[in-house]
Structures are given as C-alpha cells and as structure tokens.
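Inspection log for the structure reproduced underneath, given as structure tokens.
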Amino acid sequence: MKTLCFIVTLFICAGTLSAQHIYKRTLKLMGSRFDITVVAENETQGNEYIDVAVSEIQRIEKLISSWSETSQTSEINRNAGNKPVKVDLELFQLIKRAIQISELTDGAFDISYASMDKLWKFDGSMTVMPSEEAIKASVSKVGYQNIVLNEQDTTVFLKLPGMKIGFGAIGKGYAADKAKALLMKKGVSAGIINASGDMNTWGRQPNGTDWKVAITNPLDKNKAFALLPIDNEAVVTSGDYEKYVIFNGKRYTHIINPKTGYPSTGIISATVFAPKAELADALATSIFVMGKEVGIDRINQLPKIECIIVDDQGNIFTSKNIQIDTHHE
C-alpha cells in the first residue's frame, strides 16, 4: 500500500559514503522537456550514460513522430484509405499495444484521435467554441477499430481516407521505458527518466534511499501536495492546469474525448502508478475521458496499477491501494 503524506519529511541516511554519484542533464527532446538522471562513478561515465539515453530517445522520435515527413508513422497516415504500409516490428508492436489499451478503456484512449488535431487549440488563440457540425465531423475519422494490423507482414492500414494516428498520449512514456531498459542493460545501477512528468525510475540513490517524486498540486502548480518514494516503477501525471479553455464559465481541458470530439471536464489532475511509463501515460489520459468513478473502477481491476485523481472542486480520490495521510506528525 502506498501512503501519501501531505508533509515533506527529511530523510537522513547514516552509513558509509558511496563511490557512486548522481549526474543529471535537462534538454528538449520530442518537443518536450526531458530530465535524465543517472548514478555513476564519475562525471565522464555519467555523461556517457546520459548520451546513450538521449540517442535512444532521438531514435524513437524518428520512428513515431507524425511531424516528420520521413517517419513510418507519417507514411501510414499518408496512405490512409489507400494501402497498408510495412513498418518496423517495434512500431508495429507499439501500435498493437495501443489498440489493446483502447479496448481496455472502451475507446477512452485512441491513437487515431490525431485527425482531430486542427479543431481545438489551447494556446490562447481560441475565442469561440467550435461548431457542433465541426466537432461531429472531426470524430468521423476516429476509431481504433479501423486500424488494420497484419502480423505476418508487419503492415498497418488505416481504413478511412483522412484518418491519422499519433502518439502524443503514449510516445514520451514509451521513450522513457526504452531509455530506462537500455541503461539498465548497460549496467547503470539507478536513475530517473523524466519526460515532462512521465517519470520512470530504477535502483536507489547513492545513499541507499528510494527516489522520491512530488505530485503537483493542480490548484497551484508551483506547489506539491505529496512527496512519495518510488521503487522501480513509473508515475505519470496528466493535468489541465496549463492547457485549457473556458467558454460560458465551463472549463474544457486539452484532453479530448475521442468518441465525442469534446474536451473532457470534471477532472483537473490524474496521476497513475504502473510498472511501465507507456501504460501509465495512456491510462492517465484515459481517466480524464472516463471520469473519476469509471476511471477508478477500471484502475482497481488492473494489477500493480494505482491512481490519484483531483476533481475540478479540488477533491482528491484514489484507487483502493493508495492511502492519503493528511495528519500532521
């Protein structure tokens, strides 16, 4: 059981000093901020490890980016309604897992949402609500059921002309998982891959203590409402406190319901703990669409996965194996 404390405790570890040290680099990858932290014997080794992680993330970006005309993802989208496209096994398997998550969430998660990318803008430029007709048209090309996979040939075919897939709700988590796996394979004892809040950890700090993650207070993004240890797992927070619009006094988040075309409402933050960041990433997005009751019920049915939800009134809800401690000690 995870216990979250609303007080920050200082942990002091006694014992012999480790020869290992923490090295960290912050950079922009996949259009987002990445913080890569590794434990190594010296700075040269630390930088080498971080370079390995950066190269792996850049490789994945080239494979899955829908912005790059030369990526296999763009090739799939260009041939929507026309013909199947042969892809690398890695991309094929990622798409296959994405479809499985769509089935698991009853379509709340759907990588074919990309065909709606021009309608809603959360950069401050929207002044009026899109029309009902435009919203209805935007979802006409959405539907994971229209992604056809051929296992034998590793081909991907989008049935509908104008249909698109995109990995905005799963790509950074997948990149964090792959970078972590590669560093572990190379013998890196501990580290954190933080992909704009998609956090993946392994090992422990040089002093023997767990890595700790702060959960952002969605009502004040400069403060954290909880600090908790994480041990060889991923934690992802999706929040609407940075990207949202308000029409007629109603707050609409940047996370769109792929079945209706409308932004989700009612939740302002969803944090998911899971063995892999890819799954945590997808589920955190799905919870916004499913709503807190259905979202928590679905999470409670999944092994080794937990969540914390904050609704638009500031109320906190958790899955069954998380206990929030608000008592001062």
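The values are calculated or read from the model by the stated rules, or taken from the named source; none is laboratory data. Remember, predicted model here, so these are calculated numbers, not experimental data. Here the Cβ positions follow ideal geometry from the backbone for every residue, glycine too, while neighbour counts run over all protein chains shown. We work out accessible area using only protein heavy atoms, side chains counted, and drop any ligands, DNA or RNA first. Shrake-Rupley method; radii C 1.70, N 1.55, O 1.52, S 1.80 Å.
Any idea how far apart ASN146 and ARG59 come out in nm if each label point goes 7 Å out from Cα toward Cβ?
It is 3.4 nm.
Here is the link list: LYS118/LYS172; LYS141/LYS292; LYS141/LYS164; LYS118/LYS250. Which ones come out longer than 18 Å on Cα distance?
LYS118/LYS172; LYS141/LYS292; LYS118/LYS250
Mind telling me which of THR253, THR209, THR318 comes out most flexible in a GNM of the chain, alpha-carbon contacts under 10 Å?
Highest fluctuation of the listed residues: THR209.
Please build a GNM for the chain, connecting alpha carbons under 10 Å apart, and tell me which residue among GLY107, GLY81, GLY191 fluctuates the most.
GLY81
Averaged per residue, what accessible surface does region 253-301 expose to a 1.4 Å probe, in Å²?
About 30 Å² of surface per residue is accessible.
Pick from ASN146, ASN194, ASN315: which is most flexible by mean-square fluctuation in a GNM of the chain where alpha carbon atoms under 10 Å apart are linked?
Largest GNM mean-square fluctuation: ASN315.
Tell me, Kirkwood radius of the chain from alpha-carbon pair distances, in Å?
Its Kirkwood hydrodynamic radius stands at 20.9 Å.
Expressed as a whole percentage, what fraction of the accessible surface of region 111-163 belongs to carbon and sulfur atoms when a 1.4 Å probe is rolled over the protein heavy atoms?
Here carbon and sulfur together make up 53 percent of the probe-accessible area.
State which helices in the chain qualify, where a helix is a whole DSSP H run, it must extend 15 Å or more along its own axis by its Cα atoms, and its mean Kyte-Doolittle hydropathy must be at least -0.5.
Result, helices passing both filters: 43-64, 89-104, 171-185, 277-290.
In a solvent-free Debye calculation with one equal scatterer on each Cα, what is log10 I(q)/I(0) for region 26-80 at q = 0.14, 0.24, 0.25 Å⁻¹, listed in the order of the q values?
Relative scattering, expressed as log10 I(q)/I(0), comes to -0.48, -0.89, -0.93.
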